[in-house]
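Asks: This is the structure I have questions about; it appears just below.
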Amino acid sequence: MATGPGLESLVDQTISVITNDGRNIVGVLKGFDQATNIILDESHERVYSTKEGVQQLVLGLYIIRGDNISVVGELDEELDSSLDLSNLRAHPLKPVIH
Amino acid sequence: MPKKPRTPSTTQFSDQILIATKPRKLHLLLVRRIIVLFFSYFKDLVGREVTVELKNDLAIRGTLHSVDQYLNIKLENTRVVDQDKYPHMLSVRNCFIRGSVVRYVQLPPDGVDIELLHDATRREARGG
C-alpha cells in the first residue's frame, strides 16, 4: 500500500505545477519521490497579473519540495500553443491556507 | 550534562508522562483508521465525476482516476470550475492533486450511500 504518487506516467512530459504560495511553474518532469518532491527541467514561471499579460520567467533546472506543491497538471502542448498568453489577464492564484 | 539517577521518585514522574501521552497515541491510530476508510471509499468512487475544492479556493472538476494512501487525487478530463477567474490551468486536462491541499471533494448526490458511510464511520469511531 506504500505506493508513492502516481507521477510515473508524467515523467518526461511537460507539466504545470501550482505551488502552495500560488505560483505556476511549467517544466519537464524528470523525477519525483514518495513525498512528491519533484525535479523539473527547462522550467519557467508564469506570472499572471491583471495589468499586463502573462510574464514568463526562465528558471532552468529546479527541485520543488513536495510540502509546497498543490497541483501537478499534465500540460497539453496543443492547447497551450493555442493560448494567447500576452493578452491573458488574471488575478494571481491565492496562497493555500490550511 | 550528567544524567539524573533513576530513583523511585523520578520513575513515578515518567510513568505519569506516559499515561498523559497515551490518549494522543490512540487518537492518531483512530485518525489513521478513518483515513484508510476514506481511501477504500474513494477507491470505490473511481470513474465518477467529482469536483475537488482546494485550500487556495481553486475548484477542479473531473473524473476520478485514482487515489492513494495519502488521499492524493488524480483527475482526468479536468476543467477548472470558474475558468475566467482561474485561467491558470486552461491547457491542463489531467492532473494530480496533493491530498494535503484538498478542502472538499464534492460528490454526485447519487454516488453516496450515506447510511453505509455513516455506519462505517460510527463503527471505526467506536473501535469496532
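Each value in this text was obtained by applying a stated rule to the coordinates, not by laboratory testing. This is a predicted model, so every value here is computed, not measured. Here the Cβ is made from the backbone with ideal geometry for all residues, glycine too, and neighbour counts use every protein chain on show.
Asks: Could you list, bin by bin from short to long, the percent of Cα-Cα pairs of the range B:46-109 in 10 Å steps?
Replies: Answer for the range B:46-109: a P(r) of 23, 61, 16, 0 percent.
Asks: Determine the shielding of peptide B:97-104 by partner chains: average, over its residues, the number of Cβ atoms on other chains within 10 angstrom of each Cβ. Please report the intermediate quantities before stating the final value.
Replies: Values: counts 6, 12, 2, 8, 7, 1, 3, 0.
Mean shielding by partner chains, rounded to a whole number: 5.
Asks: Moving to a separate point now. If R0 is 22 Å, what FRET efficiency do you get for A:Gln13 and B:Thr63 from their C-beta distance, rounded to 0.05?
Replies: Working: r = 19 Å, r/R0 = 0.87.
The formula returns an efficiency of 0.70 here.
Asks: Considering chain A as a Gaussian network with a 10 Å cut-off on Cα pairs, which listed residue, A:Asn87, A:Asn20, A:Asn37, attains the greatest mean-square fluctuation?
Replies: With Cα springs under 10 Å in chain A, the top fluctuation among A:Asn87, A:Asn20, A:Asn37 is at A:Asn87.
Asks: Kirkwood Rh over Cα pairs of chain A into Stokes-Einstein at 37 °C, 0.692 mPa s: D in µm²/s? Don't jump to the answer; show the numbers that get you there.
Replies: Values: Rh = 14.1 Å.
Diffusion coefficient, whole number: 233 µm²/s.
Asks: Mind listing which GluC sites (Glu not before Pro) in the range A:1-90 are in a DSSP loop and have 12 or fewer other Cβ atoms within 10 Å? Don't skip to the answer; put the middle values down first.
Replies: On the way: sites: A:Glu8, A:Glu42, A:Glu45, A:Glu52, A:Glu74, A:Glu77, A:Glu78; in loops: A:Glu52.
Sites meeting the loop and neighbour criteria: A:Glu52.
Asks: A follow-up question, please. What does the charge add up to near B:Lys85, with Lys and Arg as +1, Asp and Glu as -1, over the other residues with Cβ less than 12 Å from its Cβ? Walk me through the intermediate numbers first.
Replies: Working: positive: A:Arg89, A:Lys94; negative: B:Asp57, B:Asp82, B:Asp84.
Combined, the nearby Lys, Arg, Asp and Glu give -1.
Asks: Assign unit charges at the C-beta atoms only (+1 for Lys and Arg, -1 for Asp and Glu), then state the dipole size of the range A:18-96 relative to its Cα centre in Debye, rounded to the nearest 20. Before the final figure, lay out the partial values.
Replies: On the way: 7 positive and 13 negative charges, 89 e Å.
Dipole magnitude for the range A:18-96 comes out near 420 debye.
Asks: Then there's this: Return the subset of B:Lys43/B:Lys85; A:Lys51/B:Lys85; B:Lys25/B:Lys74; A:Lys30/B:Lys74 for which the Cα-Cα distance in this structure is over 24 Å, preserving the input order. The partial results should precede the final answer.
Replies: Values: B:Lys43/B:Lys85 31 Å; A:Lys51/B:Lys85 14 Å; B:Lys25/B:Lys74 31 Å; A:Lys30/B:Lys74 19 Å.
Check vs 24 Å cut-off fails for B:Lys43/B:Lys85; B:Lys25/B:Lys74.
Asks: Further question on the same structure: Only helical DSSP H runs with n ≥ 4 go in: add -39500 (n - 2.57) per run for chain A, normalise by residue count and round the 222 nm mean residue ellipticity to 500 deg cm²/dmol.
Replies: Values: 1 runs with 5 residues, N = 98.
Estimated from H runs of four or more residues: -1000 deg cm²/dmol.
Asks: Further question: What are the radius of gyration and Dmax of the protein assembly as shown, computed over its Cα atoms and given in Å?
Replies: Taking only Cα atoms of the protein assembly as shown, I get Rg and Dmax of 22.0, 76 Å.
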